[in-house]
1. Counting only other residues whose beta carbon sits under 12 Å from that of B:Val46, what net charge do I get with K and R as +1, D and E as -1?
2. Name the most mobile residue of A:Ala198, A:Ala111, A:Ala22, meaning the one with the largest mean-square fluctuation, in a Gaussian network model of chain A with Cα contacts below 10 Å.
3. Projected onto the charge dipole of the protein assembly as shown (+1 at Lys/Arg Cβ, -1 at Asp/Glu Cβ, origin at the Cα centre), which of B:Ile53, B:Leu311, A:Met197 gives the Cα projection farthest towards the positive end?
4. Note the distances from A:Ser81 to each other copy's matching label point, with points 7 Å along the Cα-to-beta-carbon direction, in nm, sorted shortest first.
5. Mind giving me the FRET efficiency for B:Ser85 and B:Asp45? R0 is 25 Å, r the Cβ-Cβ distance, nearest 0.05 is fine.
6. Please report, for the Cα atoms of the stretch B:248-331, the Rg to one decimal and the Dmax as a whole number; what are they, in angstrom?
7. Add -39500 (n - 2.57) for each DSSP H run of 4 or more in chain B, then divide by its residues: what number comes out at 222 nm, to the nearest 500 deg cm²/dmol?
8. Show A:Ser81, B:Ser312 ordered by accessible area, largest first, where the area counts protein heavy atoms only and the probe is 1.4 Å.
Protein chains: 2
Amino acid sequence: MIKAPYVLFLGDAPDQLAAKVARGIRDWRADSCVGQIRMDGCAADVGLPDMSIDQARAAGAETLVIGVANRGGVISDAWRSILVSALESGLDIASGLHNLLRDDPELVAAAERMGQQLIDVRVPTETYPIGEGKRRSGNRLLTVGTDCSVGKMYATLALERDMRASGFNADFRATGQTGILITGSGVPLDAVIADFMAGSIETLTPDADAAHWDLIEGQGSLFHPSFSGVTLALIHGSAPDALVICHEPTRTHMRGLPHYELPSLKDVHDTSLAFARRVNPDCKVIGCAVNTSGLDGSQTADCLAACADALSLPAVDPMKDGCAALIESLR
Amino acid sequence: MIKAPYVLFLGDAPDQLAAKVARGIRDWRADSCVGQIRMDGCAADVGLPDMSIDQARAAGAETLVIGVANRGGVISDAWRSILVSALESGLDIASGLHNLLRDDPELVAAAERMGQQLIDVRVPTETYPIGEGKRRSGNRLLTVGTDCSVGKMYATLALERDMRASGFNADFRATGQTGILITGSGVPLDAVIADFMAGSIETLTPDADAAHWDLIEGQGSLFHPSFSGVTLALIHGSAPDALVICHEPTRTHMRGLPHYELPSLKDVHDTSLAFARRVNPDCKVIGCAVNTSGLDGSQTADCLAACADALSLPAVDPMKDGCAALIESLR
């Protein structure tokens, strides 16, 4: 568990996109954030109060979360001196960077000296069991996608927001680095050892109250050859009661693979559902969450109508319309 | 690479089954084995000459291969003294044990002192890339199964034996610990980090001559919820031109999961082929390899006829009939 509240470190981000982890945290856990720390020349801004480390501590921050991708995979000297100061002021540091905090001797020494934690959410912190393929008590919803990076995390978080507002007892379950930084815990599924993928998801979503919903962040796509195995493990480990299909309609090919076309919504529906029913025969696809951020108003309406028609199910953009139609389908 | 020839260490195996790794090596690479080392009370025998370590060295052995499962996951003192003697006599040690040789300080010290290698095939020795989903030159055959442990490795090795005898340029590609010990190299797929599973298989089966066949050892099953993700990554990473479906007809439920029925051969055929064609549109299922070791003569004939009928494809037991019918189908 990462201790809240956070202060978000935006570093020397060259543009807004470089700070998209901070943006995700601000979008979904603004009440866990006391402010942002920006270095000279930082071109990103997530709209939180700018603070020094001392001001962040005074405002109650417990953890500095690195909300920016670093250049060239290296923790620069300029970053390091700020991070060391953060540890010395009594902050933990949490990071989803590829290069790990724990591999930086200066940070490790400062953390040990101060008794603070360095939390690398990119790597698992526990040993997971082999999956057992058992249905558990309580309910599970999983997002599956036509591709990677189509908005599965945002759709799942929007479902949490709207289901809670509708009176559901529902919790987002993070399976990726940004999701873990947003919620403070989860399974970094892409970094789990192959044999334990399904078991890690069973651990993440254990038996629960009969009315409870785990809303599980999807990863990859069954149709993305680089990551399909991760997706299938997630479907089998989740034993989902409900699936939501996530889609990004402007994608012209699979992410990173120009030689691959996107699958049809129908193919994603049928294939995902067949695998889900292997572990949960009662599983249903309840609808489609479409990321229409690249479309204008009339294009959005046409696109949602086409998606709904292709699946004979509700299709919404959770960030424009909310999830009411999906929740209605779920009931 | 594990240096041949080997001497197989059977330790204090309580029965033949405990030495099945040694049995596999003897069955498929007898010409790489100079003998076996058995401790007092060993109840296993793979039919090789019994030797001391000194005799094995004199016979040319380069590597002692641990061909037995150890009890309780611990390297016992009795084992350790033999293994240290092996290192001191100039042998490397290769092992697929869960508890790693490299975690045993006494073995590590002896190996360093003598300049010998400790090879734990359970963990990857290299960093693999993310899969690219590209077809490569040359040809690839992959075995897929109705379940785990149905005989995929033996079927693939039998295909190598018989294809070579028929004039094919074909190489077995190991994806599991025993397969790696048999052939001296490969990818321990179940121990690879999730994100790199497909990429590890692309690395294992790179571009090759137009007439060459990689014969890739299958793992798990798309229908086994504990390991299905590994299987799908293997299908997508292999980009196979040909699939062989492996089956064990006496299995009453999925291995380790009494609450799961086996899938039908037809379901395995259709699902595996659809995924394989995502990366290789020309992929075909060429036949069925049935492990009939639990059946008598007339049962075997009936079973093979039923499997052939279910798939409208040749069905053979590669260990009883050889693979001629599969190779004919491949041509």
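1. Values: positive: B:Lys20, B:Arg23, B:Arg26, B:Arg29, B:Arg38; negative: B:Asp27, B:Asp45, B:Asp50.
Local net charge: +2.
2. Looking only at A:Ala198, A:Ala111, A:Ala22, the largest GNM fluctuation is found for A:Ala111.
3. B:Leu311
4. 6.1
5. Working: r = 22 Å, r/R0 = 0.86.
E(calc), rounded to 0.05, equals 0.70.
6. 13.9, 40
7. Values: 11 runs with 115 residues, N = 331.
Taking each H run of at least 4 residues, the total per residue is -10500 deg cm²/dmol.
8. Details: A:Ser81 70, B:Ser312 100 Å².
Largest accessible area first, the residues go B:Ser312, A:Ser81.
The values are calculated or read from the model by the stated rules, or taken from the named source; none is laboratory data. All of these numbers come straight from a predicted model, not from anything done at the bench. When we count neighbours, we look across all protein chains shown, and the Cβ atoms used for this are built from the backbone with ideal geometry, even at glycine. Just so you know, the surface numbers come from the protein's heavy atoms only, side chains and all, with ligands and any DNA or RNA stripped out. Shrake-Rupley method; radii C 1.70, N 1.55, O 1.52, S 1.80 Å.
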